[in-house]
Every structure is written in structure tokens, then in C-alpha cells.
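The values are calculated or read from the model by the stated rules, or taken from the named source; none is laboratory data. Computed from a prediction, not measured in an experiment: that's the story for all the values here. Neighbour counts are summed over all protein chains in view; Cβ atoms, including those assigned to glycine, are modelled from backbone coordinates with ideal geometry. Surface areas here come from the heavy atoms of the whole protein model, side chains and all, with no ligands, DNA or RNA. Shrake-Rupley method; radii C 1.70, N 1.55, O 1.52, S 1.80 Å.
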Amino acid sequence: YTYTLAGTTECPAVSADVVVTVETALDPGTNGTLTICSSETLTEALLFAELGGTPATGGTWSPLPLAGAGTYTYTLAGTTECPAVSADVVVTVETALDPGTNGTLTICSSETLTEALLFAELGGTPATGGTWSPLPLAGAGTYTYTLAGTTECPAVSADVVVTVETALDPGTNGTLTICSSETLTEALLFAELGGTPAT
């Protein structure tokens, strides 16, 4: 830019220059929001991805350490001419689902396997409202309890391994007629049991 003083009758016009350099303003992006699952680790990369616009890299996040819900500020330090600038990301934490921990269950073959029996064998503090598979419940095997995923938290599951113990068989009721002169023995009684009684 040239500053000029017009000439006079005897003196010519004179001038001086000012050279202007423009320093590009820093861009921290625009404010954003982020929802994470409580089982997820909050990182600077996750926060940066939620800044709007075209934020420049090289800034710093505060407060540190990153820990759960709150407002985190991304700041680009000032330069000789441009002031420091910042943008915020508000973080919300969604509670992770809890399916409990794996368990085991032994039932008798004469017993009916139910979801209530399986649920009672999950360890920890499993949340209700999940589903069991495979269905229908039928005998020995591994049964999986699953809580469906939410917007931010993935589906989670825990297993119960079922063992079936064969029910004892006493046979079926019978009748026996003996003579009063005959001695009643366990062998005579056993022989009159119906079915296939175990010894």
C-alpha cells in the first residue's frame, strides 16, 4: 500500500509503502456433540471427529485426562497476530448393558429347563429384558443370554452351560401276593416293580 503526498509547485510528489502480510486465522472447527457407551474409551480422535467444519490439527484438548461425560475444549494456540481459538465437544455417556457373567447349571432329566432357571445361574448383576438362544430350550447344551444393542452400546451376551443328569428310575407300582408261610424279601418285592427299576 502506497502513501502519497501530492507535489507542490517546487516539490515533486513523494510516497512511502507499507507491505501487508496476512496471516491465516486458525480454525478450531465448530462445536459438536458425542455420545459414547460407558464401556468405550474416550479418545482425542473420537472428540476431533465430532468437531464441525474443517478444524486444523495440532491443537490441545482440555480438561485432561479425558474421562467420561462433560464438555471438552479443543484449543489452537495463538500466533503473533492471530489469537488462540477454540471449539467445544459435549460428551454424553450411555450406560453399557450388563448380561451378567457365564454360568453353569445341572438339572435332572425329569426337570423342565426354563429361562428362569438359566437366568438364575448368570453371575454378576444381569439386566432383565434379554433373550435366550437357542430356542426351544431342550436339554444339555450352551444357552446364550443376549441383550440387544442400543444406539451407542453393542449387543452383549453371556452363556450358561447346562448339564443333564439322568433321572433315577424306581420302576412303576406293582402288587405282590404271598402265602402267610412265605418269607417276604426285598428280592420278591423288587421283582414286582414294573418298568426298568434301577438297583
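What is the local net charge at residue 159, summed over the other residues whose Cβ is closer than 15 Å to its Cβ (Lys, Arg +1; Asp, Glu -1)?
Charge balance near residue 159 sits at -3.
Can you give the Rg to Rh ratio for region 1-109, taking only C-alpha atoms and Rh from Kirkwood?
1.52
How many Å² of accessible area per residue for the chain, probe 1.4 Å?
For the chain, the solvent-accessible area averages 65 Å² per residue.
Comparing 159, 169, 88, which has the greatest mean-square fluctuation in the GNM of the chain with Cα pairs linked when under 10 Å apart?
169
Beta carbons within 10 angstrom, averaged per residue: use that to sort the peptides 134-140, 31-37, highest first.
Going from most to least packed, we get 31-37, 134-140.
Starting from the Cα gyration tensor of region 1-64, take the square roots of the eigenvalues, sort them a ≥ b ≥ c, and report rounded, prolate or oblate (rounded when a/c is under 1.5, otherwise prolate if a/b is larger than b/c, else oblate).
prolate
May I ask what percent, to the nearest 5, of DSSP beta bridges between residues of the chain are antiparallel?
70
If I take the Cα coordinates of region 36-162 and project them onto the principal axes, what are the three extents in Å, biggest first?
84, 23, 18
State log₁₀ I(q)/I(0) for region 110-199 at q = 0.11, 0.17, 0.23 Å⁻¹ as given by the Debye formula over alpha-carbon point scatterers of equal weight, solvent excluded.
The Cα Debye sum returns log10 ratios of -0.54, -0.79, -1.12.
Please report the Cα spread of region 32-79 along all three principal axes, rounded to whole Å, starting with the longest.
38, 22, 14
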